[in-house]
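Only one structure is covered here, and it is reproduced in the block below.
The values are calculated or read from the model by the stated rules, or taken from the named source; none is laboratory data. No experiment lies behind these values; they were computed from the predicted model shown. As a convention, Cβ positions derive from the backbone with ideal geometry for all residues, glycine included, and neighbour counts pool all protein chains shown. For the accessible areas, the whole protein counts, side chains as well, though only heavy atoms, and no ligand, DNA or RNA atoms are used. Shrake-Rupley method; radii C 1.70, N 1.55, O 1.52, S 1.80 Å.
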Amino acid sequence: MPPLRAPAVKAARKLGPSRLEHVYLDYHASTPCDSRAVEAMLPFFIVTFANPSSSIHAEGRTAAEAVESARFNVAQTIGAAAGEIVFTSGATESNNVAIQGAVRAAAGGRQKILALAIEHKSVLDTCRWLAKHGYEFATIPVTADGVVELGALVDLVDDRTILVSVQAANNEIGTIQPIREIAQIVHRSGALFHCDAAQALGRIPMDAHLWGVDFLSLSGHKCYGPKGVGALYVKGGVQSAPLVPLVFGGGQECGLRSGTLNVPGIVGFGKACEIAREEMPAESRRIERLRDWFEQLVGEQVPDVRRNGALSRRLPGNSSLRFERVDAEALIANLPEIALSTGSACTSGALEPSHVLTAVGLSRDQAYNTIRVGIGRFTMEQELDHAAVRIGQVVERIRSLQQS
């Protein structure tokens, strides 16, 4: 592995010692907004603030032009046409628009919905809600690495299937799915294919046309853009899509998503996509090297650490680490200066093990022993060095307390 230490330490010194007082390693939950995206957004708050639907005056037309420029940038980043991009408030809304919209528009007796067992809750909960209203819902199993069981998919999808939803990359274990192959299986049955690509955008190469998806969900704050903005790719554009709107009103976004557009957010999202398109190849290689180096450091501190997921096909900055006999919540509580997350989610007031980790075959205890590390654009090697040492210290302390 090429040396990393010299340039990283130099950059860390420039940033100052405060960087080690709080180390952010939760890039799957959210990314910091790139300063270039913030700079692009600023004029649209107080200078060019007009409603883009107000095309009767120059200010409104300027705002509308900015929206269309951002639409082009988002489209170019995912291999789509500008007319196939619909702006939303984020991937959760995009997932709902695609799934509910397609199901409500379905005809011909189709009643079945399929989703991968490790999908984001915004997909699974939407499907479960539809199941309570007369539709049939089934989950597609995954391997121990979190990869879709293609044989099971072939068995499940049939001429009664309306839509299949499979994420491009998992938000917990980082597994990247064979989207093009899945799309071919789905389309053989005449069903529609939706892909939640929130975690993939800006991290791995994407091509909506090559992948063969019908709908693709995106989020601004997962690719160094602002929160509260995202997009839905609709193959062929909204006019040709079998979708029923969820929100009615002024008819914005070709009638699929009414409401005044979030112009500053859209501009920032577009700029973030432009940056990702230009810098992703080199950035992803750097982040992957940092991730591998960090895992090596942790392994030196805690030799029995285990990694979850498909190690050969995961997101560059993803690391799902399991420490036997160490509760992840306790580990994180003893690392206040390091922002990490667990493999568990709090649902209905009760702490339940991660559905992703149990779907890949981990026991409840193993799921509770897992932390998720997300490395990103602004992560420095010095921070990872500090985090690995501190994790090792706290794991040793917790285990020693259990033995005493």
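Points worth noting:
- Table column - 3J(HN,Hα) (Hz), region 93-107, Karplus curve with 6.51, -1.76, 1.60, x for Gly and Pro: 5, 4, 4, 5, 4, 5, 6, 5, x, 6, 5, 5, 8, 5, 9
- For the chain, the 222 nm mean residue ellipticity estimated from helices alone, with every DSSP H stretch of n ≥ 4 adding -39500 (n - 2.57) and the total spread over all residues, rounds to -13000 deg cm²/dmol.
- When you work out D = kT/(6 pi eta Rh) for region 323-404 at 4 °C and 1.567 mPa s, using the Kirkwood radius from C-alpha pairs as Rh and the Stokes-Einstein form, the result is 94 µm²/s.
- Degrees between helix 179-188 axis and first principal axis of the chain (Cα, 0 to 90, nearest 10): 40
- Helix axis angle, 263-301 relative to the chain longest principal axis, alpha carbon, degrees: 30
- For region 189-212 and region 253-329, distance of Cα centres in Å: 17
- Of all DSSP-defined beta bridges confined to the chain, some 55% are antiparallel rather than parallel.
- Rg [Å, one decimal], Dmax [Å, integer] - region 233-372, C-alpha atoms: 20.9, 59
- Solvent-accessible surface of the chain, taken per residue with a 1.4 Å probe and all protein chains present: 41 Å².
- For the chain, the dipole from Cβ point charges (+1 on Lys and Arg, -1 on Asp and Glu) about the Cα centre works out to 200 debye, to the nearest 20.
- Backbone geometry of region 27-41 corresponds, through the Karplus equation with coefficients 6.51, -1.76 and 1.60 at θ = phi - 60°, to 3J(HN,Hα) couplings of 5, 7, 6, 6, 10, x, 6, 4, 4, 5, 5, 4, 4, 5, 6 Hz, x marking Gly and Pro.
- Accessible surface of the chain [probe 1.4 Å, protein heavy atoms]: carbon and sulfur percent: 54
- Amide H contacts of residue 193 (H built 1.01 Å from N, in plane; Pro and chain starts excluded): 164, 214, 215 sit under 5 Å, all sequence-distant by 5 or more or on other chains.
- Taking the square roots of 5 times each eigenvalue of the Cα gyration tensor of the chain, largest first, gives ellipsoid semi-axes of 36, 28, 17 Å.
- Descending by average beta-carbon neighbour count within 10 Å, the peptides 355-362, 135-142, 327-334, 261-268 line up as 261-268, 355-362, 135-142, 327-334, the highest first.
- Cα-based Lys proximity count in the chain, under 29 Å, for pairs eight or more positions apart or on separate chains: 19
- Just so you know, the Rg over Rh for region 170-226 is 0.99, from Cα atoms, with Rh as the Kirkwood radius.
- Relative compactness, region 175-299, computed as alpha-carbon Rg over 2.2 N^0.38 Å: 1.25
- From the C-alpha gyration tensor of region 88-214, square roots of 5λ in Å: 21, 16, 14
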